[in-house]
Amino acid sequence: MTTQQRLQLWTELLELQHRYVSALDTNRLEDWPGFFVEDCRYEIIPKENFDAGFPAPIVYCRNAGMLRDRVLSLRNANIFEDHAYRHATSGLVITGVEDGVVRTQSSYIVVITGQAGDSSVYQAGTYLDEVVQHEGEWRYRSKRVVYDTLRVPTLLATPI
């Protein structure tokens with residue numbers, strides 16, 4: 001892969017990530033499953049479990065149908081304080097390209113603002129992604145959200 005091809009790929013994946021966090025930050029949760037292929041994995045796992053090799057995420061979805069169910073549940077069944085997220089991401093690097101799968105790593109911070117208007121850092125961590133081409137667009141095959149924060153201060157309702 002030439003430098004120009006690598007930069008083009010990186011730009012396309014950065015654009016995917018920005019569209020992803022924009023959908024979450026603007027409460028377009030119904031768009032969220034569309035960032036994934038049907039046969040996907042989405043999980044949110046504490047760093048201490050990840051580092052120890054314990055497969056114990058606090059959120060685990062093994063296909064896009066489960067992502068859609070999660071959105072339906074958030075909209076119609078779950079009770080939680082209304083809030084807004086603002087994501088900040090950085091450090092997107094391509095860690096591997098093999099057999100049509102691109103692996104990336106990046107850092108994120110999520111600031112939460114509750115109904116009282118107070119904002120605080122809700123979570124910080126690392127995205128470990130596997131991305132594939134699907135119908136001419138990049139989609140997540142796997143998104144592992146590994147959070148550094150030692151505890152989740154409120155209900156983890158909205159995807160990270």
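Calculate the length of the line joining the C-alpha centroid of the stretch 1-67 to that of the stretch 69-119, in whole Å.
A separation of 8 Å, based on Cα centres.
Could you grab the relative contact order for the stretch 79-160? Cα pairs under 8 Å, six or more apart, rounded to a whole percent.
Relative contact order here is 24 percent.
Hey, what angle do you get for helix 3-25 against the long axis of the chain, alpha-carbon based, 0 to 90 degrees rounded to 10?
Compared with the principal axis, the helix lies near 20 degrees.
Just to confirm a number: summing +1 for Lys and Arg and -1 for Asp and Glu over residues other than Ala84 whose beta-carbon lies under 12 angstrom from that of Ala84, what do you get?
Once all neighbours under 12 Å are counted, the net charge is -3.
Looking at Met1, Ala77, Tyr140, which one has the Cα that reaches farthest to the positive end of the dipole of the chain (charges on Cβ: Lys, Arg +1; Asp, Glu -1)?
Among Met1, Ala77, Tyr140, the one farthest towards the positive end of the dipole of the chain is Ala77.
Running a GNM on the chain with Cα contacts under 10 Å, which residue among Asp25, Asp51, Asp69 ends up with the highest mean-square fluctuation?
With Cα springs under 10 Å in the chain, the top fluctuation among Asp25, Asp51, Asp69 is at Asp51.
Kindly identify the chain as rounded, prolate or oblate by the Cα gyration tensor criterion: order the square roots of the eigenvalues as a ≥ b ≥ c, call it rounded if a/c is under 1.5, otherwise compare a/b with b/c, prolate if a/b is larger, else oblate.
It is prolate, given that a/c is not under 1.5 and a/b is the larger ratio.
Which whole-number percentage describes the relative contact order of the stretch 1-114, with Cα contacts under 8 Å and a sequence gap of 6 or more?
21 percent
How about the stretch 1-66: which trypsin sites (Lys or Arg not before Pro) there are in a DSSP loop, with at most 14 other Cβ atoms within 10 Å of their Cβ?
In loop regions of the stretch 1-66 (DSSP not H, G, I, E or B), the sparsely surrounded trypsin sites (Lys or Arg not before Pro) are Arg28, Arg62.
In whole percent, and with a 1.4 Å probe on the protein chains, what portion of the accessible area of the stretch 47-160 is carbon and sulfur?
50 percent
What is the angle, in °, between the Cα long axis of helix 64-76 and the longest principal axis of the Cα atoms in the chain? Nearest 10 is fine, range 0 to 90.
20 degrees
Let me know the charge dipole size of the chain about its Cα centre in debye, to the nearest 20, where only the beta-carbon of Lys, Arg (+1) and Asp, Glu (-1) is charged. Display every interim value, and only then the final one.
Numbers: 16 positive and 21 negative charges, 27 e Å.
Using only the charged Cβ atoms, the result is roughly 120 debye.
Any idea of the accessible area per residue across the stretch 83-160, 1.4 Å probe, to the nearest Å²?
49 Å²
The values are calculated or read from the model by the stated rules, or taken from the named source; none is laboratory data. Everything numeric here is computed off the predicted structure, so don't read it as measured data. As a convention, Cβ positions derive from the backbone with ideal geometry for all residues, glycine included, and neighbour counts pool all protein chains shown. All accessible areas refer to the heavy atoms of the entire protein, side chains included, with ligands and DNA or RNA removed. Shrake-Rupley method; radii C 1.70, N 1.55, O 1.52, S 1.80 Å.
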